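Engineer: Please read through the structure below; I'll follow up with questions.
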């Protein structure tokens, strides 16, 4: 199998997935319901149109990648003008990004604020699609480092959703296990994390309002995360002291965990600690 044949297979798989998702269109068009359904259908149809344009942009970029790749580092851009007001831009970076011997292509695609990032493994005679992340306006950045302390580089996408009530700095983590050094295609999602790879730990802040959201500590065990503890403000002292629990809780009582007088020093450098502590005494009234 050569690179062109492999590329056709990848594109067919993407097309099949898109077709199965696109079958919802006819069901929506035949449903009644007045103005609300009309608005929903219009929004849905625009989303489908955006998806088609995004898919076309990715296909064009992949064909260009196959044309240009010669087994060395590579950087280029592709601009596509579709039959619409949209102009798409794809930025391609090819390197030996990870700890195996293969080249990888990281492709960033932008369509009027709809952002996507894809990672392809470029083996000698085939292309393997490893990562797809589409975040809309929420996409922020990506980075490569050893997040779980096993000695191999991992791939992380950092994004911040535009909807929601509270601090929500998210990471999608794609590990590259030391045993295989191959990028895993299934992401581990974390909210408001701070990484401590030298300790094989993650500390962070849960999603929620100050006074309700707790601190968390997870430990890496290979490619899995084990829960170590959670820490919540103690509502009986209006947050002057804290309660340590073994599982997630909502405004826990002292009977649900271990009361502690102060936050452990290990949490002082957690990046979102300010959000955790942003509660006033009134937060705990009538609770």
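Throughout, read-outs are computed from the coordinates displayed, never taken from laboratory work. Computed from a predicted model, the values in this text were never measured in an experiment. Note that we place each Cβ from the backbone using ideal geometry, even for glycine, and neighbour counts take in every protein chain shown.
Engineer: Provide the convex hull volume over Cα atoms per residue for the range 137-211, in Å³. Present the calculation step by step, with values, prior to reporting the outcome.
Structural biologist: Details: hull volume 6.5 nm³, N = 75.
Enclosed volume per residue, from the Cα hull, is 87 Å³.
Engineer: If you don't mind, there's one more thing I want to ask. In angstroms, what radius of gyration and Dmax does the range 140-287 have, counting Cα atoms only?
Structural biologist: Here Rg and the maximum Cα pair distance are 16.4, 54 Å.
Engineer: How far apart, in nm, are two points set 7 Å out from the Cα along the Cα-to-Cβ line at residue 198 and at residue 74?
Structural biologist: Inter-label distance under the simple model: 3.9 nm.
Engineer: Also, I was wondering about something else. Let me make sure I get this right: for the range 227-287, a, b and c are the square roots of the gyration tensor eigenvalues over alpha carbons, sorted descending. Under 1.5 in a/c it's rounded, otherwise prolate if a/b > b/c, else oblate. Which is it? Could you put the intermediate results ahead of the total?
Structural biologist: Numbers: a/c = 1.72, a/b = 1.12, b/c = 1.53.
Judged from the Cα gyration tensor, the range 227-287 comes out oblate (a/c at least 1.5, b/c at or above a/b).
Engineer: Let me ask something additional. So if we plug the beta-carbon distance of residue 268 and residue 67 into 1/(1 + (r/R0)^6) with R0 = 45 Å, what FRET efficiency do we get, rounded to 0.05?
Structural biologist: The value I calculate is 0.30.
Engineer: How do 58-65, 96-103 rank on mean C-beta neighbours within 10 Å, highest first?
Structural biologist: On the way: 58-65: 19.6, 96-103: 16.0.
Top of the packing list down: 58-65, 96-103.
Engineer: With each pseudo-label sitting 7 Å past Cα toward Cβ, what's the residue 59-residue 249 distance in nm, one decimal?
Structural biologist: 5.5 nm
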